């Protein structure tokens, strides 16, 4: 029996590979986003700790120099947090872009998969029809052939 061969097999494999690459890129982008989220959270905790420390120092009393240092450090932390928020926003845009790319690659692969499945089903149906035709022909010959070597006459 003839074997099914999908002529676009290499294209399908290439699309599977591209989808896999897109999945890996998405995983890397998500990892970067998680790292950016953790960095931002760390900066926010530092700002919160600084505020608590400032309140404690204000209760006890502090010098103008200490207050100035604390104010400069707080300003530095705010700038750092703003930069980290921008980095997080960029990471989220990259994740969204990678997700869209993955959806596109998956759609392309699925189109070829469905085409292969349809062609394989058509091939199987054709093979079944040919096999049935052979069986019908064989049955017809057996019906009209007498093992003694005489042909039977078909009554009409």
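The values are calculated or read from the model by the stated rules, or taken from the named source; none is laboratory data. It should be emphasised that the depicted structure is a prediction, and the values quoted were computed from it without experimental measurement. All Cβ positions, even for glycine, are placed from backbone atoms using ideal geometry, and neighbour counts span all protein chains on display.
Numbers at a glance
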quantity: Which listed residue, of 110, 114, 84, is assigned to a helix (DSSP H, G or I), under 30 Å from residue 23 (Cβ atoms) and over 27 Å from the mean Cα position of the chain (by Cα); calculated: 84
quantity: Residues (surrounded by 15 or more Cβ atoms within 10 Å (Cβ to Cβ) and closer than 30 Å to residue 99 by Cα) located in the stretch 30-80; calculated: 30, 32, 33, 36, 37, 39, 40, 43, 80
quantity: One residue from 133, 81, 91 being modelled with pLDDT under 95 and under 30 Å from residue 36 (Cβ atoms); calculated: 81
quantity: Qualifying residue in the stretch 27-34 (condition: assigned to a helix (DSSP H, G or I), within 39 Å of the chain's Cα centre (by Cα) and modelled with pLDDT under 95); calculated: no
